[in-house]
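The values are calculated or read from the model by the stated rules, or taken from the named source; none is laboratory data. Quick caveat: nothing in here was measured; it's all calculated off a predicted structure. Here the Cβ positions follow ideal geometry from the backbone for every residue, glycine too, while neighbour counts run over all protein chains shown. Keep in mind that these areas ignore ligands, DNA and RNA; they rest on the heavy atoms of the full protein, side chains included. Shrake-Rupley method; radii C 1.70, N 1.55, O 1.52, S 1.80 Å.
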There are 2 protein chains.
Amino acid sequence: MKVIFIGAGNLATNLAKALLQSGHDIIQVYSRTMESAQALATLAGGAPTTDITSVRADADLYILSVKDSVLAELIPKVCAGRENKVFVHTAGSMPMNLFQGMALHYGVLYPMQSFSKQKEVDFSVIPCFIEGNDDYTLQLLEEFVHTFSDRCYQLSSEDRKYLHLGAVFACNFVNHCYELSSEVLQAHGIPFDVMLPLIDETAQKVHHLSPADAQTGPALRYDENVIRSQSLLLKDNPLMKDLYDRMSVSIHRTELRRKGE
Amino acid sequence: MKVIFIGAGNLATNLAKALLQSGHDIIQVYSRTMESAQALATLAGGAPTTDITSVRADADLYILSVKDSVLAELIPKVCAGRENKVFVHTAGSMPMNLFQGMALHYGVLYPMQSFSKQKEVDFSVIPCFIEGNDDYTLQLLEEFVHTFSDRCYQLSSEDRKYLHLGAVFACNFVNHCYELSSEVLQAHGIPFDVMLPLIDETAQKVHHLSPADAQTGPALRYDENVIRSQSLLLKDNPLMKDLYDRMSVSIHRTELRRKGE
């Protein structure tokens, strides 16, 4: 397929590389800055541009991968004069109907992963969630996704909101727990890398056990002595102490609910 | 070395297996129930017992791996009549001086990992934190640990408190974030296993980047529209909503501090 990228961020960069490897033809890359448009075009092919009015009209698929906040503003400009083409955005938390009235065929293609430009990911195992405004778009997206990922799911805009929320917990909040752990260690001269085997095992465990079955630690058994003394260690950091206390209560309540108490 | 285990839980089971593989001789296993003493003795060798007074006096090392809450009560019983032997406990959050006045040589051996009985772990990569009340004990523990792990660190009881707190964030709280994610998905018919590639990548990232550098998502850029609408999705679950809001604030504050704003 002939593809044009609108946006050249982390997600666009990783997706474009996967498309190139699957034999698709990236004919143009638009970005706000020539530097980033050029960087992606060099990696994945196509001509870079920073002029939205010069985006070509002959692509099969337009992939809008930009910040949520500029998506609504960009959509009319990208669709104008190409109303019969197929447009998708890649934003987990934004609805499909942003395209309504702007184009005939549109949808969403949300590859759920945390992307960085430096680190290559294996796209074939990344779950991709698609949505289309009509059967034509849906079928096209499904066939398209299957050229680079084995895991394609249809999901409505409404359910995708919850998927994205789940991803915030499982990725952003998890990483913040790593960050808080790192802060605690650093203040006592302990290198963060001692934590890596535990971090890896914690991630590996939920491949085989449900997170509820995998839980361990003082909050699970509500060991008040340990909880109280750990909480006290954080007394100079009210926000972290608060997170510690509430997380502990939440773990304990989940466990009580699970046991049906 | 001739080793006796006091306690037969997840940690003891995994450690005993590693000791057996490294050529140590487990001569006895004490547990409150014959079932668990027998289970560990079958795996790792030695005679099972539930009678603390019948614990043999001829071991080189006594490893107390029991619940934090019963440690103080068990220590005098285990040490009595064997004051010249070497004793360690394996509790991350308990001080070494629980043994003070009870024995001549004592310390702590804390292998930092989340253990389960079903799942074998590679002990050689598990960081083991040791502490000893004298040079004799410290040297003995260091040599002992090097027979089964490549990662042996000396750490005081005071610093170990913070290490254990860091582990609660990086393991228990992380796993609870997985659990909350799973709840959100389940309520919308989305299988939790779609989250695994993201979970793995999030864990992998901090092998190469600091958690602060690895952070992504709406809270990092403080995208108030996304944060507000995601928070609203949790309005029927006040505790989870509260964790969402506070986590988001904490991520944002960390980022501001990092940027020196």
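The amide H of B:Arg151, built 1.01 Å from its N in the peptide plane, has B:Cys128 as neighbours under 5 Å, considering only residues 5 or more places off or on other chains.
Once Rg and the Kirkwood radius are both taken over the C-alpha atoms of the protein assembly as shown, their ratio Rg/Rh works out to 1.07.
With its label point put 7 Å out from Cα toward Cβ, A:His207 sits 1.1 nm from the same residue's point in the other copies, in order from shortest. Here, segment B:83-204 yields an orientationally averaged convex hull projection of 9.4 nm² when only Cα atoms define the hull. Each listed q (0.10, 0.11 Å⁻¹) maps to a log10 I(q)/I(0) for segment A:2-155 from the Debye sum over equal C-alpha point scatterers, namely -0.29, -0.36.
Fully extending the segment from A:Lys241 to A:Ala72 would add 56.9 nm, taking 0.36 nm per residue of separation and subtracting the current Cα-Cα distance. Sorted from shortest to longest, the distances between the A:Ser22 label points of this copy and the other copies are 4.8 nm, with each point 7 Å from Cα along the line through the beta carbon. Mean silhouette area of segment B:107-170, derived from the convex hull of its C-alpha atoms and averaged over all directions, reads 4.6 nm². Mind checking the log10 I(q)/I(0) for segment B:160-259 at q = 0.12, 0.13, 0.19 Å⁻¹? Debye, one equal scatterer per Cα, no solvent, two decimals. Debye intensities relative to I(0), on a log10 scale: -0.47, -0.55, -1.21. Chain A contacts chain B over a buried accessible area of about 8500 Å², both sides summed; the probe is 1.4 Å and only protein chains count. Between B:Ile52, B:Ile227, B:Ile126, the residue with the greatest mean-square fluctuation in the GNM of chain B (Cα pairs under 10 Å linked by springs) is B:Ile227. Each label was represented as a point 7 Å from its Cα along the Cα-to-Cβ direction; for B:Asp193 and B:Gln118 these points are 1.5 nm apart. For segment A:2-155, a simple Cβ point-charge model (Lys and Arg +1, Asp and Glu -1, everything else neutral) yields a dipole of about 440 debye relative to the Cα centre.
Ratio of chain B's C-alpha Rg to 2.2 N^0.38 Å, to two decimals?
Against the compact-globule rule of thumb, the ratio is 1.23.
Amide H to amide H distances under 5 Å link A:Ala47 with A:Gln28, A:Val29, where only residues 5 or more positions off or on other chains count and H is placed in the peptide plane. Of A:Leu138, B:His188, B:Pro111, which is farthest along the charge dipole of the protein assembly as shown in the positive direction, counting Lys and Arg as +1 and Asp and Glu as -1 at C-beta? Positive-most Cα among the choices belongs to B:His188.
Proximity of backbone amide H atoms, modeled 1.01 Å from N, is registered between B:Tyr106 and B:Phe87, B:Asn133, B:Asp134 at under 5 Å, excluding neighbours fewer than 5 places apart on the same chain.
Across the copies of the chain, A:Asp236 has label points (7 Å from Cα along Cα→Cβ) spaced 4.4 nm apart, shortest distance listed first. Here the calculated FRET efficiency for B:Thr53 and B:Gln154, from their Cβ-Cβ distance with R0 = 51 Å, stands at 0.90, rounded to the nearest 0.05.
If R0 equals 45 Å, the separation of the Cβ atoms of B:Val125 and A:Val249 corresponds to a calculated FRET efficiency of about 0.85.
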